[in-house]
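Shown next, in structure tokens, is the structure this report addresses.
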Amino acid sequence: MNVSKLDLITGPVPTVITVLGIAALLWLVLAGRGHLLRAVPLAAAAALMVSIAFWFVTERVWNLWGAPQPLQLYVPIGLGLFALALVVPRFLHSARLRGRLITAGAVPLVLLASAVSVNAYYGSYPTVGALAGTEVQIQALPSIAPGPGAGSGSGSGVPSVQLTREATWNPPAGMPGQGTVAEVTIPGTVSGVQPGKGYVWLPPAYLATPRAVLPVLVLFHGVPGGSKDWLTGGQLAVFMDAYAAAHKGLAPIIVMPDANQGSVAEPSLCMNTSHGEAATYLAVDVPNWVKNTLNAGLGAARNWAVAGFSYGGTCALQMAVNFPDVYPTFIDISGENMPTIPAGHQALLNSYFHGDAAAFARQNPLDVFKTGHFPATAGIITVGAADSFYKPQGEQVYAA
């Protein structure tokens, strides 16, 4: 049995952990009449107050998540706090060493069950391998010589460079059966941005000799989050390997850059602001690096697409609207109707644009739409049907 493939969302593993967590919580609660009447109500009240305070600070004060979160987040957190509050009274109630050892082991079980419940809702770590970071093998980036025309940075490319077509592609001998994931640092040569780690997924047909000419898909992550989220919760390598296997090894080259300027505490917003030239990084430095390093994306601009979830979806829209010659194709998945920060719009203007609302509007998609024309642009705006927070914003963007 391959332990790394064990499912953490459904199946026996989360079920067993949940049952053990419930049993552990019952052990902490059921310890005699005095314990039930005194310790349990106090622990429950303390856990409830801390949970409410956590909800208030993260959602009403900081807006840490960027959207209202469901009970599936706060109930497991509350139960974990409840278990922690019961440790000392339950420990003192146990006169024997065996009971105290069980109490010591019960709390981690409750916390683990709570974590599994939260993970099952968000799907951040679908398997044990994704949690351990072993499911996706990160390899060294193959050494690939740049071809003529690389590094133009315009995105318009050379129209004579034609994409490989599945109908006429014959996979050469020795083509790998799977794609390769490589960790990369894409430098901010033009923008001056100091980015964090990024990743690329290279399809089997790209790794073949001779190599196929393939389109490029640039993916932006959410916030909080990072580019590796596409490989863990997103299971991108698994999905793309399956896609390539069904298409003679052909698939887009996928680039997952750091869309948040590395370790910068405040989000870059994928804009050129007083915090840095993040838009230039994503629209100039990233394509230049792909052309020079991967010898890819050298054809027409329509061979490039950009996409993202949440913050990344907003970012994809921004790239498509502000740089239509670079990214004429986009997918905005559960994005917002404008770039935001938890502190609010005025704080954003003050911090990123020195209070200049006009400077923000020059890069804000809904404002640019009012005067811009995009005859060569195509996009998809999509959102969960039951998403009461992002759906209205997606509809507003779609209408614009």
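The values are calculated or read from the model by the stated rules, or taken from the named source; none is laboratory data. Remember, predicted model here, so these are calculated numbers, not experimental data. Neighbour counts run over all protein chains shown; Cβ positions are idealised from the backbone, glycine included. Ligands, DNA and RNA are stripped out before the accessible areas are found, and what is left, the full protein with its side chains, is counted by its heavy atoms. Shrake-Rupley method; radii C 1.70, N 1.55, O 1.52, S 1.80 Å.
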Checked the range 1-17 for anything open to solvent by 30 Å² or more (accessible area, probe 1.4 Å) and not in a helix (DSSP H, G or I); matches are 1, 2, 6, 7, 9, 10, 11
For the range 18-38, what are the residues that are at pLDDT below 95, of a type in the set (A, V, I, L, M, F, W, C) and assigned to a helix (DSSP H, G or I)? 36, 37
So how many residues does the range 226-273 have that are open to solvent by 40 Å² or more (accessible area, probe 1.4 Å), β-branched (Val, Ile, Thr) and either touching a strand residue (DSSP E or B) at 6+ places or on another chain (Cβ under 6 Å) or assigned to a loop (DSSP other than H, G, I, E, B) (or both)? 1
Counting only residues in the range 95-136 that are assigned to a loop (DSSP other than H, G, I, E, B) and more than 18 Å from residue 16 (Cβ to Cβ), the one most open to solvent (accessible area, probe 1.4 Å) is identified as 96
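Does residue 398 count as surrounded by 22 or more Cβ atoms within 10 Å (Cβ to Cβ), over 22 Å from the mean Cα position of the chain (by Cα) and more than 30 Å from residue 203 (Cα to Cα)? Give the derivation first.
On the way: surrounded by 22 or more Cβ atoms within 10 Å (Cβ to Cβ): no; over 22 Å from the mean Cα position of the chain (by Cα): yes; more than 30 Å from residue 203 (Cα to Cα): yes.
Considered against the rule, which asks whether it is surrounded by 22 or more Cβ atoms within 10 Å (Cβ to Cβ), over 22 Å from the mean Cα position of the chain (by Cα) and more than 30 Å from residue 203 (Cα to Cα), residue 398 comes out as no.
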Out of 203, 187, I need the residue that is open to solvent by less than 10 Å² (accessible area, probe 1.4 Å), over 25 Å from residue 310 (Cβ atoms) and touching a residue at least 12 places away in the same chain (Cβ under 8 Å). Which one? 203
By residue number, the members of the range 317-354 that are closer than 15 Å to residue 301 by Cβ, within 22 Å of the chain's Cα centre (by Cα) and part of a helix (DSSP H, G or I) are 319, 320, 321
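Have a look at 155, 80 and point out the one that is of a type outside the set (S, T, N, Q), at pLDDT below 90, open to solvent by less than 30 Å² (accessible area, probe 1.4 Å) and in contact with a helix residue (DSSP H, G or I) (Cβ under 7 Å, 6 or more places away or on another chain). So that I can check it myself, show each step before the final result.
Working: 80 fails: at pLDDT below 90.
Result: 155 is the single residue among 155, 80 that is of a type outside the set (S, T, N, Q), at pLDDT below 90, open to solvent by less than 30 Å² (accessible area, probe 1.4 Å) and in contact with a helix residue (DSSP H, G or I) (Cβ under 7 Å, 6 or more places away or on another chain).
Do the conditions hold for residue 212, that is, is it touching a residue at least 60 places away in the same chain (Cβ under 8 Å), surrounded by 22 or more Cβ atoms within 10 Å (Cβ to Cβ), farther than 22 Å from residue 339 by Cα and out of contact with any strand residue (DSSP E or B) (no Cβ under 6 Å at 6 or more places or on another chain)? Don't jump to the end; show me each part of the working.
Values: touching a residue at least 60 places away in the same chain (Cβ under 8 Å): no; surrounded by 22 or more Cβ atoms within 10 Å (Cβ to Cβ): yes; farther than 22 Å from residue 339 by Cα: yes; out of contact with any strand residue (DSSP E or B) (no Cβ under 6 Å at 6 or more places or on another chain): yes.
So residue 212 does not fit the description; no.
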Would you mind finding the one in 173, 182 that is in a loop (DSSP other than H, G, I, E, B) and among the aliphatic types (A, V, I, L, M)? 173
What are the residues in the range 40-75 that are hydroxyl-bearing (Ser, Thr, Tyr) and either under 19 Å from residue 223 (Cα atoms) or surrounded by fewer than 16 Cβ atoms within 10 Å (Cβ to Cβ) (or both), if any? 58
Kindly check whether there is at least one residue in the range 293-307 that is open to solvent by less than 30 Å² (accessible area, probe 1.4 Å), more than 30 Å from residue 210 (Cα to Cα) and either of a type outside the set (A, V, I, L, M) or in a loop (DSSP other than H, G, I, E, B) (or both). no
Members of the range 360-400 found to be small (Gly, Ala, Ser), without any contact (Cβ under 8 Å) to a residue 12 or more places away in the chain and in contact with a helix residue (DSSP H, G or I) (Cβ under 8 Å, 6 or more places away or on another chain), listed by number: 361, 385
